[in-house]
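J.: Dumping the structure here so I can ask a few things about it.
The values are calculated or read from the model by the stated rules, or taken from the named source; none is laboratory data. As the structure is a computational prediction, the values presented were derived from the model and not from experiment. We place every Cβ from the backbone using ideal geometry, glycine too, and count neighbours over all the protein chains shown. All accessible areas refer to the heavy atoms of the entire protein, side chains included, with ligands and DNA or RNA removed. Shrake-Rupley method; radii C 1.70, N 1.55, O 1.52, S 1.80 Å.
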There are 4 protein chains.
Amino acid sequence: MAPTTTQQWLVEDTTGFDALKLQKDVPIPALGDHDCLVEIKAVSLNYRDLIIPKGKYPFPLALPVIPASDGAGTVVSVGSRVSEFKPGDKVCTLFNQGHQAGSLTPKSIGTGLGGAVNGTLREYGVFEETGLVRMPENLTFNEGATLSCAALTAWNALYGQNPLKPGDWVLTQGTGGVSIFAIQFAVAAGATVIATTSSDEKAQKLTALGAKHVINYKTDSEWGTTAAKITPGGEGVHHVVEVGGPESMRQSFKAVKIDGTITVIGFLGGVKGGPSPLEALNNICSIRGVLVGSRQQFQDMNHAIEANDINPVVDPNVFGFDKVLDAYQYQWDQKHFGKVVVSIP
Amino acid sequence: MAPTTTQQWLVEDTTGFDALKLQKDVPIPALGDHDCLVEIKAVSLNYRDLIIPKGKYPFPLALPVIPASDGAGTVVSVGSRVSEFKPGDKVCTLFNQGHQAGSLTPKSIGTGLGGAVNGTLREYGVFEETGLVRMPENLTFNEGATLSCAALTAWNALYGQNPLKPGDWVLTQGTGGVSIFAIQFAVAAGATVIATTSSDEKAQKLTALGAKHVINYKTDSEWGTTAAKITPGGEGVHHVVEVGGPESMRQSFKAVKIDGTITVIGFLGGVKGGPSPLEALNNICSIRGVLVGSRQQFQDMNHAIEANDINPVVDPNVFGFDKVLDAYQYQWDQKHFGKVVVSIP
Amino acid sequence: MAPTTTQQWLVEDTTGFDALKLQKDVPIPALGDHDCLVEIKAVSLNYRDLIIPKGKYPFPLALPVIPASDGAGTVVSVGSRVSEFKPGDKVCTLFNQGHQAGSLTPKSIGTGLGGAVNGTLREYGVFEETGLVRMPENLTFNEGATLSCAALTAWNALYGQNPLKPGDWVLTQGTGGVSIFAIQFAVAAGATVIATTSSDEKAQKLTALGAKHVINYKTDSEWGTTAAKITPGGEGVHHVVEVGGPESMRQSFKAVKIDGTITVIGFLGGVKGGPSPLEALNNICSIRGVLVGSRQQFQDMNHAIEANDINPVVDPNVFGFDKVLDAYQYQWDQKHFGKVVVSIP
Amino acid sequence: MAPTTTQQWLVEDTTGFDALKLQKDVPIPALGDHDCLVEIKAVSLNYRDLIIPKGKYPFPLALPVIPASDGAGTVVSVGSRVSEFKPGDKVCTLFNQGHQAGSLTPKSIGTGLGGAVNGTLREYGVFEETGLVRMPENLTFNEGATLSCAALTAWNALYGQNPLKPGDWVLTQGTGGVSIFAIQFAVAAGATVIATTSSDEKAQKLTALGAKHVINYKTDSEWGTTAAKITPGGEGVHHVVEVGGPESMRQSFKAVKIDGTITVIGFLGGVKGGPSPLEALNNICSIRGVLVGSRQQFQDMNHAIEANDINPVVDPNVFGFDKVLDAYQYQWDQKHFGKVVVSIP
């Protein structure tokens, strides 16, 4: 029998992680024509989820809000006109629920789970069928829960424009979620990966994931130049997945090939200082900002994940539904390698 | 009978326009297998040509060098293996002589006429056939001489990535050569153009060229926002052809649509200050630097020029071959509207 | 006040045009979450609509069915979650209601109006918002009603793959709806059009629409070869919009350029005989079948229609809602030039 | 010291394999500006090479001609303006010597080695630098000699239009050179391959190369339908590499996905009979003919071969330079699996 209530976490304000509260016995609304009721089995956290309760998120929020955008679970019941899913189907949530295909629109930007609209940190959630995709068959729920943001952003970086071909070179930065997925996708696609990191231990993990070259950016501040030199003829890489900030950007310009693409997916280092965007001319390259991706891209990506049996890297420390605050703190303290997951029994 | 000597201008050093000297009776070298001897009938100037003798050009030069990259003329004789041209053919010069198709390479960047290699300000010049394209049939030599840099840069901006479709919106800035060509190409392609300028008189000329909207950037410092508001739903323009610099870039970010492209083709305002390239993420757009274009793009463009009978805008003040210094000064003083041309009788 | 009943035409069986019956006082169903009630103001007919009651349509039908797929009208009321439209908005209907973006799917093929699901020949119809697009502002309802199939098919032919650039050459065949729209779109996009037809009178109309060359296929059975010869260097056309059949296809192979595209959008002449698809190798070209297009393409097309103030060609003989049978017969007798429209007062 | 003469094979007429004659002490011509003298170390045969002396080749020939188009060797000396190669460089030959990038032109079609111009079956050959590419570093000469036609055709099929993504499905036919390369490239790119063949023994080899599914077309005449059923949702494959002929084409239509591409690269079964190209509409797909590929594609492909350490499949029976007739007969008798190579000591 279909459940009538759910437990859910809520970000009540922006006073810090303590603003997250667990609510019980919240009624589940009736399903609209195209709605699916999903029993959420796992949720993964993104950096964005951490800074929302800390008041550092620069985009509009609809507080109080159920946090988190990444989730995987099982369809429990469906509305009268749902045509893509049936009870029992395993699904993942789409970040911007309205981003179906092609470009985001001003309107679809306002449909991001866990910020603009209620997210995934709950036992049961109702989503329109257009806000869900089929989970890759080769994944567990914990793995499937990592795809919504980090994986899809990496996929969009590599395939959204200037699509990766076998033999291309890709430069990734560090060991965040997007960077790790970018390595996995690029390796599966027959491209060659240069990764950067700050420790030999992480370098070994990156190599195990398929990165052919790893540069320690702590000991080699000119890592962009080093990366370019590794490529054939020193011509540079086709793709840089840029997650850093102004100083990192400076190196990315040195690493990128003529007509290559630097995809900006985050700027942990802020936006002050650093090179001018006009350097795109001096380096004859493209700089592209991407915000996750569309449902159509999510489906394409899932086919690639299945075909190549790609397993997302999940941090071994998986948290229970009642340990959400610990999960937040664990990721905040940067103790993780791979995605931090909350598993819901 | 084929000529054996030529007159030619030479930039001897970087002491200013006086560094340009006219040489007479310079022997014309024997033709290599793939060489064409071209009688040059017209040359147009670019901003780059002006700053080379002034020592402000930031790229490598091989001084002394015959200046100018843009030329049109008639093939006089051809080497033993030339297959594309025969005597009598009308041709234009390719800026980067080695840029045949696809992306520039580090090597082909070093083949720019009038800087890295000898240019067009001479009566006769020898070029490999791969460094020439057929001149559009609907143009005079004075018009054909304007295409090599300004027109091809505009074409590359609109068709090199994210190709323009009818119904798209394009924002151009000012009345420089690239901007005017961008208006003409966009209008011919069924796109809608918003242009900026600083005077009502120029605004009228831009409107006559087909710009549907003209914004005075002197009286409207938020011209980027204004441009976006003009577009359907206020969503912004698909393409910005960016010629300004940091402050201009700031407005371009406001004008551009999600997944739109800001093509950086110059930065008259320098590169200091202004927004970060990481703003590409906040605005979910692409910034792309282009350096002229390939021979293949030049040929495609010429088909578009012929099909739509596009006539390049040539400043009415055309200069003789002995008045080259006056031509340089005239453009330096910004007295022109349209391309400044030197005609060789 | 919202209407509660509607009149509607119905194809009851496949016994001929007499199988079309007018029904009165049919109750309008309650609106689902994403439904819009549309007052239909005009409908245009397609060849497919004629052959459905004649039992010649080779695809699955859900009889009895309200015929016709092309319609324009006004939104009267909207369901609780409709976000794109509000009462008073002018809209057009999408042919395959489920074809939102990218490729058709086996499922979305089964959502074609007027065949698989109820169509537009009624006073009021209920459509999900994803099955509607905003009507171009420059059009009347009669004009807007012509877009759903013929215009979108032409757009898909020219922009769905190998997108048209200014300067490209397009070959169209005859004066059917798709061919006329293809001429209009290609001309607006700065391409050059060669059209074929069978009479001087129609040739004049095609020239007036912007076709630069017209070939009489009755007097020139080698019209494909003739078309190729007209193009620069005799290299052939970039796009053929193929509507004929085996014999026509033979000429299309002669007309098309290397790597050009022959888009097959119909085969009035049947599929028996004619050249082999393997001729695609001998001619080094692509043959592409298209079935109308997606909602995203419809929206792009409408922007192009507005920007270039393209006016669909409507046959001057517009029929009333009670004269539907006359309209069918008129088109069947091929008395029309331009789209046959039924106007609903 | 540079050699002054060479041995070479010559097809003198079209009377059969006996028309191949070995010539000795043929003078090597002086190098033109852009010429490279290449010591050829290995040559591979294509089906086309076999039918040329048999008089079955349907395209223009310039007899007598040095046969074969596929070769690998070492640059011995270079002309005065050669910039891409130096003595000692290992190179492969380009099939259509004039096909640099983009589409073939009518002129570049007439530059095919071993038919329109002298080919590779000689100890030393002179080629313009634009007719050579750098050999992948991971290959032997015997392997490098297999790339010019079969590999580049497969690459063009998968990347020339509708570029392959990880997760896509590819259907190959049989064990010819193009089919085997298509499997290798598709597997390296993270796609899933369905191959067809006629024996269990060959099936095992195809599986070893990475094909995930193998269908025996002798026991399953509806192999196209079977292939489609294997794909997710039974939707069909993204790419078919079609080498068969009319009957094969019929199955390819059944196998291909909506908007998928059937690339026609040969028709061993002739062109008579079989389905109409208009079936492209009924199946909503593209049929594309490709004739080998461009130099730019060859370079891209070689990067992919190096990055993924792809080793071409060479038949173990390698022939000496004096055993060319045996090599022709061996391939004619279809005793080979993989490319038949002539090695020159």
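J.: In nm, one decimal, shortest first: how far is the label point of residue C:247 (7 Å from Cα along Cα to beta carbon) from the matching points in the other copies?
T.: 3.2, 7.0, 7.6
J.: Shifting gears a bit: Take peptide D:296-307, look around each residue's Cβ out to 10 angstrom, count Cβ atoms belonging to other protein chains, and average those counts.
T.: Details: counts 4, 0, 0, 2, 5, 3, 2, 11, 7, 3, 3, 10.
For peptide D:296-307, the averaged partner shielding equals 4.
J.: Whenever you get a sec, line up D:83, C:286 from highest to lowest accessible area (probe 1.4 Å, protein heavy atoms).
T.: On the way: D:83 70, C:286 5 Å².
Final ranking, largest accessible area leading: D:83, C:286.
J.: Cα axis of helix A:200-209 to longest principal axis of chain A: angle in degrees, 0 to 90, nearest 10?
T.: The answer is roughly 70 degrees.
J.: Another question about this same structure. Using Cα positions and a limit of under 17 Å, work out the lysines in reach of residue C:90, with same-chain residues fewer than 8 apart set aside.
T.: C:41
J.: Rounded to a whole number of µm²/s, how large is the Stokes-Einstein D of region A:87-176 at 4 °C and 1.567 mPa s, given Rh as the Kirkwood radius over C-alpha pairs? List each step's numbers first, then the result.
T.: Values: Rh = 14.9 Å.
Translational diffusion coefficient: 87 µm²/s.
J.: Continuing with the same structure: Between residue B:219 and residue C:62, how many nm apart are label points set 7 Å from Cα along the C-beta direction?
T.: Each label point lies 7 Å from its Cα, and together they span 5.8 nm.
J.: Pairs A:202/A:339; C:229/C:257; B:212/B:254; C:54/D:272: which exceed 22 Å Cα-Cα? Write down the numbers at each step before the final one.
T.: Working: A:202/A:339 15 Å; C:229/C:257 11 Å; B:212/B:254 19 Å; C:54/D:272 33 Å.
Correct reply: C:54/D:272.
J.: For region B:93-129, which residues drop by 40 square angstrom or more in accessible area between the chain on its own and all protein chains together (1.4 Å probe)?
T.: Residues meeting the cut-off: B:103, B:106, B:107, B:128.
J.: If I take the Cα coordinates of region D:56-123 and project them onto the principal axes, what are the three extents in Å, biggest first?
T.: Result, largest extent first: 38, 29, 18 Å.
J.: I've got another one for you. Taking both sides together, what accessible area is buried at the D/C interface, probe 1.4 Å, expressed in Å² and rounded to the nearest 100?
T.: On the way: alone 14970 and 14950 Å², together 26990 Å².
So the buried area, both faces added, is about 2900 Å².
J.: While we're here: Using only the Cα atoms of chain D, build the gyration tensor, take square roots of its eigenvalues as a ≥ b ≥ c, and label the shape rounded, prolate or oblate: rounded if a/c is under 1.5, else prolate if a/b is larger than b/c, else oblate.
T.: Prolate, because a/c is 1.5 or more and a/b exceeds b/c.
J.: At 7 angstrom along the Cα-to-beta-carbon line, where would the label on residue D:225 sit relative to the other copies? Give the distances in nm, shortest first.
T.: Label-point distances to the other copies, shortest first: 4.2, 6.5, 6.6 nm.
J.: Within the accessible area of chain C, what % is carbon and sulfur when the probe is 1.4 Å and the other protein chains stay in place?
T.: On the way: 6330 of 12440 Å².
C and S atoms contribute 51 percent here.
J.: Contact order normalised by length for region A:152-289, with contacts defined as Cα pairs under 8 Å and 6 or more residues apart; what percent is it?
T.: 19 percent.
J.: Sticking with this structure for a sec: Order the following by accessible area, largest value first: B:328, D:124. Probe radius 1.4 Å; ligands, DNA and RNA are ignored.
T.: Working: B:328 0, D:124 45 Å².
Accessible-area ranking of B:328, D:124, largest first: D:124, B:328.
J.: Defining a contact as two alpha carbons under 8 Å apart and six or more residues distant in sequence, what relative contact order in percent does chain A show?
T.: Over chain A, the number comes to 17 percent.
J.: Every other copy gets compared here: list the nm distances from the residue A:199 label point (7 Å along Cα to Cβ) to its counterparts, shortest first, one decimal.
T.: List, nearest first: 5.7, 6.5, 8.4 nm.
J.: Could you calculate the FRET efficiency of residue A:51 with residue A:229 from 1/(1 + (r/R0)^6), where r is the beta carbon distance between them and R0 is 30 Å, rounded to 0.05? Mind showing how you got there, number by number?
T.: Working: r = 36 Å, r/R0 = 1.20.
According to the calculation, E is roughly 0.25.
J.: Calculated FRET efficiency, residue A:299 and residue C:208, Cβ-Cβ r, R0 45 Å, to nearest 0.05? Could you put the intermediate results ahead of the total?
T.: Values: r = 46 Å, r/R0 = 1.02.
So, using R0 = 45 Å, E works out to roughly 0.45.
J.: Now for a different question. Taking square-rooted eigenvalues a ≥ b ≥ c of the alpha carbon gyration tensor, is the protein assembly as shown rounded, prolate or oblate, where a/c under 1.5 means rounded and, failing that, a/b exceeding b/c means prolate? Please list the in-between numbers first.
T.: On the way: a/c = 1.27, a/b = 1.24, b/c = 1.03.
Rounded, since a/c falls under 1.5.
J.: Take the alpha carbon atoms of region D:1-52, find their center, do the same for region A:28-68, and report the distance between the two centers in whole angstrom.
T.: So the two Cα centres are separated by 70 Å.
J.: Answer rounded, prolate or oblate for region A:152-289, using the Cα gyration tensor with square roots of eigenvalues a ≥ b ≥ c: rounded when a/c is under 1.5, else prolate when a/b is larger than b/c, else oblate. Mind showing how you got there, number by number?
T.: Values: a/c = 1.33, a/b = 1.14, b/c = 1.16.
Rounded shape, in that the Cα axes give a/c under 1.5.
J.: Which value in nm describes the separation of the simple spin-label points at residue A:74 and residue C:81, placed 7 Å from the Cα toward the beta carbon?
T.: Label at residue A:74, label at residue C:81, 2.3 nm between them.
J.: Could you tell me what percent of the DSSP beta bridges with both partners in the protein assembly as shown are antiparallel, to the nearest 5?
T.: On the way: 130 of 226 bridges.
Around 60 percent antiparallel, to the nearest 5.
J.: When the Cα centres of region A:83-108 and region D:186-241 are compared, how far apart do they sit, in Å?
T.: 32 Å
J.: What are the ³J(HN,Hα) values, in whole Hz, obtained from phi via the Karplus relation 6.51 cos²θ - 1.76 cosθ + 1.60 with θ = phi - 60°, for each residue of region C:102-112 in sequence order, with x given for Gly and Pro?
T.: Along region C:102-112, the couplings run x, 7, 4, 10, x, 6, 6, 4, x, 10, x Hz.
J.: Across region B:159-168, in residue order, what do the Karplus-derived ³J(HN,Hα) couplings come to in whole Hz, using 6.51 cos²θ - 1.76 cosθ + 1.60 with θ = phi - 60° and x for Gly and Pro?
T.: After applying 6.51 cos²θ - 1.76 cosθ + 1.60, I find 10, x, 7, 6, x, 4, 10, x, x, 6 Hz.
J.: Next question. With a cap of 13 neighbouring Cβ atoms within 10 Å, and only residues DSSP puts in a loop, list the trypsin sites (Lys or Arg not before Pro) found in region C:144-236.
T.: In loop regions of region C:144-236 (DSSP not H, G, I, E or B), the sparsely surrounded trypsin sites (Lys or Arg not before Pro) are C:218.
J.: Ok, one more. Quick check: pseudo-label points 7 Å beyond the Cα along Cα→Cβ at residue A:322 and residue C:25, how many nm apart are they?
T.: 6.6 nm
J.: Determine the calculated [θ] at 222 nm for chain D from helices alone, applying -39500 (n - 2.57) to every DSSP H run no shorter than 4 residues and normalising by the residue count; nearest 500 deg cm²/dmol. Before the final figure, lay out each step's value.
T.: Values: 11 runs with 86 residues, N = 345.
It lands at -6500 deg cm²/dmol.
J.: Please report the residue of chain C with the smallest beta-carbon distance to the C-to-A rotation axis, and give that distance in Å, no decimals.
T.: Its Cβ sits closest to the axis: C:101, 2.
J.: Residue by residue, what Karplus-based ³J(HN,Hα) values in Hz, rounded to whole numbers, does region C:15-20 have, using 6.51, -1.76 and 1.60 with θ = phi - 60° and x for Gly and Pro?
T.: Rounded to whole hertz, the list is 9, x, 4, 5, 6, 7.
J.: Leaving out ligands and nucleic acids, and using a 1.4 Å probe, what accessible area per residue does chain A come to in Å²?
T.: Values: 12400 Å² over 345 residues.
Accessible area per residue: 36 Å².
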